[in-house]
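The values are calculated or read from the model by the stated rules, or taken from the named source; none is laboratory data. What you see is a predicted model, and the numbers here were worked out from it, not measured in a lab. Every residue, glycine among them, receives a Cβ derived from its backbone with ideal geometry; neighbour counts consider all protein chains shown. Surface accessibility is based on the protein's heavy atoms, side chains included, excluding ligands, DNA and RNA. Shrake-Rupley method; radii C 1.70, N 1.55, O 1.52, S 1.80 Å.
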Amino acid sequence: MSFHETELKVIRKAFENTKLQQQIRLGNHFVDDFIFEDQKAADIPINALRVIFNIISILSNEQFRPEDRPKQLSLFDVEFETQNNVFASMKIRNNKISPSGSTRQVIEAYEYLAKFKMGWYKSVNSKGKEIRTFGGLISTPSYDQRGYTSFLISSYWLKKLIVIPEYNYVLFNLVYNIKNNKHIIFAIWLSKLPENGTVLKLITFNEKFGLNYKNANDFCFKFLKPVRANLDRFSNISFNYKYLSDNIFIHPYLTKNIAGKTTSTTDTNLKITYRLGYFKKKYKLNEQEMLRFSYQYKNIPQTRELIEKAYCCFIRSNRQKKLKSSYFLRKLFLEEIQKIIIELYKETKMGKLLPNGYPIIL
């Protein structure tokens, strides 16, 4: 049965269900625009969150950072952003949305996502042409008796899911191991925090997550404590917390035991993503300044080690000079690290063989 009739749509591509991922990449632009618009979290039901996680898992092989693959962005524009109302099609097994087999739960999840943020959306392609699409995250969901629901995703939301200049890892099974939707949404927010955490007032937390706690003590022990217990057990990232008056401090950490097992690759990727986010936020690096720096840090282990050594020297030198490291922002920070890298490289065996072979980070 079709949920509702819609206007003429152009179906450009069908995404097939691939092997589901242990972890998925949530693009920050999608999270900010769909889940945390105006800094407030949408109260998305758990079954609708399962739909979102499954969509991202299916798209995982298509996701890319435009800095790393600029040609891929052009290909996306050609495929999806040359005319209005272009969509991709997809289908998901119903038991992935309602493991209990409830038809009502499946229908309600898709109806929520079809209606939530429904409207006209504009984007501009690489040639400067304005492209318009109508709908919510999904459109025209159709439930069949063979165990699947088929639906469309507009080019507008598809781009935010596939083109991910900035992203964070979240474990796919979070939406199956944790039943409370607010705990999942908190975990998504937590994944975006810098390494050194944050501090927010109780009123801000209440507004952000749609809560109504009267004091920080209640918020910490009635909300944060059970969230942390769930994330310690089932997530890649959990957190410590404390409060002082109505100020609540959140400090994230990587969990060592992810639902009983983790891989060294997963752990390394998370640490790299976290560390780059820390550098970017602390030293106010923009996308262009991060381009070469992040590539070197992510992809070349020897260079990553050299950057970390240089950063330790940078911090130590500033302390000796009684300078705050935040004095060095943006390009100035990278220039300082580059100078130290050159000096450290000269002392290595490779530096003696190839004096000018040091890595370039800016």
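Give the relative contact order (percent, whole number) for segment 271-353; include only Cα pairs under 8 Å separated by 6+ residues.
Value for segment 271-353: 32 percent.
In Å², and per residue, what accessible area does segment 193-254 have when probed at 1.4 Å with the other protein chains present?
50
What is the angle, in °, between the Cα long axis of helix 181-191 and the longest principal axis of the Cα atoms in the chain? Nearest 10 is fine, range 0 to 90.
That helix lies at roughly 30 degrees to the long axis.
Give the angle, between 0 and 90 degrees and rounded to the nearest 10, that separates the Cα long axis of helix 70-80 from the longest principal axis of the Cα atoms of the chain.
Rounded to the nearest ten degrees, it is 10.
How do TYR176, TYR311 stack up against each other in accessible area, from largest to smallest, with a 1.4 angstrom probe?
TYR176, TYR311
Which of rounded, prolate, oblate describes segment 118-182, given a ≥ b ≥ c as roots of the alpha-carbon gyration tensor eigenvalues and a/c under 1.5 marking rounded, otherwise prolate only if a/b is larger than b/c?
oblate
When Rg is the radius of gyration of the Cα atoms in segment 307-362 and Rh is its Kirkwood radius, what does Rg/Rh come to?
Answer for segment 307-362: 1.02.
What percentages, rounded to whole numbers, describe P(r) for the chain computed over all alpha carbon pairs with 10 Å bin width beginning at zero?
Going out from 0 Å in 10 Å bins, the chain shows 5, 21, 28, 25, 15, 5, 1, 0 percent.
In segment 176-224, what trypsin sites (Lys or Arg not before Pro) fall in a loop by DSSP, with at most 13 other Cβ atoms inside 10 Å?
Those satisfying the criteria are LYS179, LYS214.
Sorting LYS324, LYS13, LYS352 by accessible area (1.4 Å probe), largest first, what list results?
LYS324, LYS352, LYS13
Can you give the Kirkwood hydrodynamic radius of segment 11-175 from its Cα pairs, in Å with one decimal?
16.2
Would you mind getting the accessible area per residue of segment 9-117, heavy atoms of the protein chains only, 1.4 Å probe, in Å²?
For segment 9-117, the per-residue accessible area is 45 Å².
Given an 8 Å cut-off on Cα distances and at least 6 residues of separation, report the relative contact order of the chain as a percent.
Averaging sequence separation for qualifying contacts and normalising by length gives 16 percent for the chain.
Taking all protein chains as present, what is the carbon and sulfur share of the accessible area of the chain, in % to the nearest whole number, probe 1.4 Å?
52
Against the longest alpha carbon principal axis of the chain, how many degrees, from 0 to 90 and to the nearest 10, is the axis of helix 225-234 turned?
For 225-234 against the chain, the angle is about 90 degrees.
How high is the relative contact order of segment 11-175, in percent, counting Cα pairs under 8 Å that sit 6 or more residues apart?
Dividing the mean separation by the residue count of segment 11-175 yields 36 percent.
Rg(Cα) of segment 193-254 divided by 2.2 N^0.38 Å?
So the Cα radius of gyration is 1.06 times the expected 2.2 N^0.38 Å.
Considering only DSSP beta bridges where both residues belong to the chain, give the percentage that are antiparallel (nearest 5).
Looking only at bridges with both residues in the chain, the antiparallel portion is about 85 percent.
Could you calculate, for segment 271-353, the ratio of the Cα radius of gyration to the Kirkwood radius, expressed as Rg to Rh?
0.96
Would you calculate a helix-derived [θ] at 222 nm for the chain, using -39,500 (n - 2.57) for each DSSP H run of n ≥ 4 and dividing by the full residue count, to the nearest 500?
Rounded to the nearest 500, it is -13000 deg cm²/dmol.
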